[in-house]
Amino acid sequence: MKLEADLHVHTIASGHAFSTITEIARAAKRKGIKAIAVLDHGPALPGGAHEYYFSNLVALPDFIDGVRIIKGVEANIIGKNGELDISDFTLELLEFVGVSFHPVCGYEPTTRIENTEVLLKAIENTNVKMVCHPSVPGFDVDLKVIVEKCKEKGVLIEVNNFSFNENSFRYPSLEENLKLLEICAEKGAMIALNSDAHFHELVGEVGTAVSYIKKMNFPEELIINRSYKLVNSFIYSYFEGGENKD
């Protein structure tokens, strides 16, 4: 399966990643990837970038070595009302906002019902365009409810390749990730199949997740980033009068 965009990569600004934006863009170009979404971690995660970093992403060019640079953030949920660690003012400056649960970021997981309600509240933020790795050990949620809400709100569900890696702290949620794929297929919900690369050579590498996707005959038409054109249209549909950046 060939991806034309990777909608979740991290740079050194995340504090625990190891490559610059330029290094990632050059690796993407070499692999034939047309676009990358730079989703560095918000400030609530230890080592994460300051909010000023995200507000200044406008300083970046739209293209590096011919690769489209989509400016965004992986914002952390920090409160029971779905509060994020980046202000709405700054989120509105960005092109693509992912949201996720991470440990030690302010929100401590409780019951499945409450975790689900908190994530639903975060999805209600009109700036949010993707839920990153919905299955996180300790943050149990009702995946069916989350997928239904995302489809209703036009929010992408991420299928995160690193979550299928035995070395990932999210690997214990493998069965939940397989269940997530089944629900998305059943509901016809759009997904983004992403690397979550923290090193430039891993950009676009989604082979582990693809092996599961193929086994279950997941519909390729539900994978938005198989097409750069689809990604571009999705992003700019949220900007009044916005023009696609080809």
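The values are calculated or read from the model by the stated rules, or taken from the named source; none is laboratory data. Note that the structure is a prediction, hence the values are computed from the model and not measured. All Cβ positions, glycine included, derive from the backbone under ideal geometry; neighbour counts span all protein chains shown.
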### Query
Looking at region 121-154, which of its residues are among the aliphatic types (A, V, I, L, M), within 21 Å of His8 (Cβ to Cβ) and either modelled with pLDDT under 95 or in a helix (DSSP H, G or I) (or both)?
Ala122, Ile123, Val136, Leu143, Ile146, Val147
### Query
Is it true that Asp62 is surrounded by fewer than 22 Cβ atoms within 10 Å (Cβ to Cβ) and out of contact with any Gly (no Cβ under 6 Å at 6 or more places or on another chain)?
yes
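Output yes when any residue across region 103-110 is farther than 23 Å from Phe169 by Cβ and either touching a Leu at 6+ places or on another chain (Cβ under 9 Å) or in contact (Cβ under 8 Å) with a residue 60 or more places away in the chain (or both), and no when none is.
Here is the first cut: in region 103-110, the ones farther than 23 Å from Phe169 by Cβ are none.
No, every residue in region 103-110 fails to be farther than 23 Å from Phe169 by Cβ and either touching a Leu at 6+ places or on another chain (Cβ under 9 Å) or in contact (Cβ under 8 Å) with a residue 60 or more places away in the chain (or both).
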### Task
Determine which member of the set Glu205, Glu186 is part of a helix (DSSP H, G or I), at pLDDT 95 or above and over 18 Å from Phe101 (Cα atoms).
Glu186
### Query
How many residues are surrounded by 18 or more Cβ atoms within 10 Å (Cβ to Cβ) and more than 18 Å from Gly48 (Cα to Cα) when one looks only at region 1-20?
5
### Task
Examine region 141-150 for a residue that is touching a strand residue (DSSP E or B) at 6+ places or on another chain (Cβ under 7 Å), under 19 Å from Gly72 (Cα atoms) and surrounded by 20 or more Cβ atoms within 10 Å (Cβ to Cβ), and state whether such a residue exists.
yes
### Query
Are any residues in region 87-119 buried (at least 18 other Cβ atoms within 10 Å of the Cβ), more than 18 Å from Gly48 (Cβ to Cβ) and of a type in the set (A, V, I, L, M), and if so, which ones?
Val118, Leu119
### Message
If Ser168 meets every condition in (1) farther than 20 Å from Glu114 by Cβ; (2) assigned to a helix (DSSP H, G or I) apart from one, which number is that one?
### Response
(2)
### Residues located in region 148-183, provided they are among the hydrophobic types (A, V, I, L, M, F, W, C), more than 16 Å from Gly98 (Cβ to Cβ) and within 16 Å of the chain's Cα centre (by Cα)
Phe164, Leu181
### Summary
Residue hits (region 184-208; small (Gly, Ala, Ser) and under 22 Å from Asp142 (Cβ atoms)) are Ala185, Gly188, Ala189, Ala192
### Query
Counting only residues that are in contact with a Pro (Cβ under 9 Å, 6 or more places away or on another chain) and either closer than 17 Å to Glu158 by Cβ or not aliphatic (A, V, I, L, M) (or both), how many does region 81-100 have?
2
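Can you find a residue that is of a type outside the set (Gly, Ala, Ser), crowded, with 23+ Cβ neighbours inside 10 Å and touching a Cys at 6+ places or on another chain (Cβ under 6 Å) anywhere in region 188-199? Let's see the steps before the verdict.
Of region 188-199, the ones of a type outside the set (Gly, Ala, Ser) are 190-191, 193-194, 196, 198-199.
Then drop every residue that is not crowded, with 23+ Cβ neighbours inside 10 Å, which leaves 191, 193-194, 196.
Add one more test, that the residue is touching a Cys at 6+ places or on another chain (Cβ under 6 Å), and what stays is 191.
Yes.
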